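Heads up, the thing below is written out as structure tokens.
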Amino acid sequence: MFSTFSKVNSFLIKFFYGLVALFLGNYVIKFVQRVRKLPPGPWGLPFVGYLPFIRQDEYNHVTQLAAKYGPVFSFKCGQFDVIVINQWKFIKEALANEHLLGRPKATFIPGVMEHSSFAEMSGEPWKQQRRIALTTLRDVGLGKSEMEDSISDEIKSFIEVIKSYEGEPISISNKLSLSVSNNISTLIFGHKYAYDDPVILVLEKLRVLTNDTLRYFNVAAFLPTIVSLIIKLNLFSLSNFKELFKKFESHLDDEIDEHRKKDNNGYEINDYIDGFLNEMSKRQNEKDSTFNINTLKRNAATFYGAGSDTIANTLEWIMIYLVKYPEYQERIRDEIKQTIGLNRQPENVDRKEMPFTMAFLYESLRFNSLVPLNLLRRATEDTKVGEYSIPKDSLVTFNFWSVHHDPNLWDNPELFKPERFLNEDKSKAIKPPYLVSFSGGKRVCPGESFAYLQLFLYLVSILQPFEISAETGKDISLERVQKFLIRPKILPDFIFKNID
Ligand code: HEM
């Protein structure tokens, strides 16, 4: 009896070891197959991969890794294989690749954002949502003269705020952001906010938290399986994000309720929320439709965030360059005097007559490269870029920074030189295809023209009445700091001196 028991026991032990060996063998084969398929790159640790080794200045770090491992390289980042594409030749090809249009399967911040906006969707749902969003925004004013008038009115209020300081130094960041966010609010919610509205103050807190803490290679996005633990332990400010996000969502609920009340007598479409509700009701019998309230809330939040912070941050950089290079400030003002004059408010059409101003805007976008690494993409099929394999479901990053600072494309890329965008007789500003601040291809930033419109109108409107300088004795630093966006490390207080 004892010997039968020990025979069974030893059989079970052997069976167990056999299973372990099989499992390990299978794991090793799969691991080798995966690694052989991937472009070369640095090794990392089990589970976390290379994530803990990525430096704060992520754009610089990946550019240096590209110099070591090649223009298309890969690394394991948390739970995902990440492929970084550098150099214009490869990025251009990748932007046109239909299999690289997906986004990661989770939301931007898993655990904080539960549902996906269209900016986080892939495939057919993304296509439908993006198409309807762009048509709705066009219908409610994007690209129309009413929108331009509304921005010009907003700028007037902003200029009044600056005037009220009577030449005293101003901390400009939140003033810019409160003003600029009213432009996207008009499109999404159908109204602006007073600069001291409690709702906008919550949104402002969320903006500051995002700017100060959220990295591109962040733990939540790359280790989604442990995100609830991270939130419980309140690491990486994730529970603060969650709390502020809840407040934002509850405000969105109120906005949507207001819109629904208004829409009782048929749909009059004045803003994006109206347009979405209308589409949702048309599609109410459609199976698996993504046109539901959760998507509406996330789309509205995404448009609001993407449409305000990017512009405000670019304007911060623009002010730094205007003060650092007063000769360019003077040259833009001269162009304003020759075309619009100092009293008439600028219009979009004036851009054509103002090549130097446009060249200055292009150079500002190139030089700071606000979004140095595009929003993560995901390969929806096995594919290739050049000779490099990109396996299905790996995450893909385009290093726009490397393109904007490539000495093969730009003469002295580390110099701020707007003239590089002017044609020979300086009568036109030319934007080359490798200025990719807004990405490219089918997933190009849908806010590009809205962004140029605002940047142009704010820049000109600020330089018409004011000469900008920094507090006396304060040197202007061009140092960058990267979180998700590249921001100025030091934003000095500015002095806006009345010209007359
Ligand atoms: C200086 C200003 C801006 C810059 C530099 C910028 C840059 C970008 C970049 C690089 C992407 C990633 C595209 C990709 O995946 O390849 C993007 C996506 C996006 N941007 Fe912008 N953007 C700016 C302003 C705006 C504005 C004003 C809006 C709102 C109207 C906006 C809305 C969006 C949205 C919704 C997406 C996601 C698109 C999708 O996934 O289909 N952006 N932007």
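The values are calculated or read from the model by the stated rules, or taken from the named source; none is laboratory data. Only a predicted model underlies this, so the values are computations on that prediction, with no experimental measurement involved. In this analysis, Cβ positions are derived from the backbone assuming ideal geometry, glycine residues included, and neighbour counts consider all displayed protein chains. Heads up: the accessible areas ignore ligands, DNA and RNA and are worked out on the full protein's heavy atoms, side chains in. Shrake-Rupley method; radii C 1.70, N 1.55, O 1.52, S 1.80 Å.
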_Condition first: among the β-branched types (Val, Ile, Thr), open to solvent by less than 20 Å² (accessible area, probe 1.4 Å) and either under 18 Å from Asn368 (Cα atoms) or within 16 Å of the ligand (Cβ to nearest atom) (or both). Now tell me which residues in the stretch 448-489 satisfy that._
Ile476, Ile486
*asked:* For His405, only one of the following conditions fails: (1) more than 24 Å from the chain's Cα centre (by Cα); (2) modelled with pLDDT of 95 or more. What is its number?
replied: (1)
*Is one or more of the residues making up the stretch 396-407 under 25 Å from Gly305 (Cβ atoms), within 11 Å of the ligand (Cβ to nearest atom), polar (S, T, N, Q) and open to solvent by less than 20 Å² (accessible area, probe 1.4 Å)?*
yes
*Find the helices (runs of 4 or more DSSP H) located wholly in the stretch 208-297 whose residues include 3 or more that are of a type in the set (Phe, Trp, Tyr) and open to solvent by less than 30 Å² (accessible area, probe 1.4 Å), and list them.*
238-262
*asked:* Looking at the structure I just gave you, is Lys417 open to solvent by 50 Å² or more (accessible area, probe 1.4 Å), more than 16 Å from the ligand (Cβ to nearest atom) and at pLDDT 95 or above?
replied: yes
*Got at least one residue in the stretch 339-355 being within 16 Å of the ligand (Cβ to nearest atom), crowded, with 22+ Cβ neighbours inside 10 Å, within 25 Å of Arg138 (Cβ to Cβ) and of a type in the set (S, T, N, Q)?*
no
*Is it the case that Asp196 is loosely packed, with under 15 Cβ neighbours inside 10 Å and within 30 Å of Ser150 (Cβ to Cβ)?*
yes
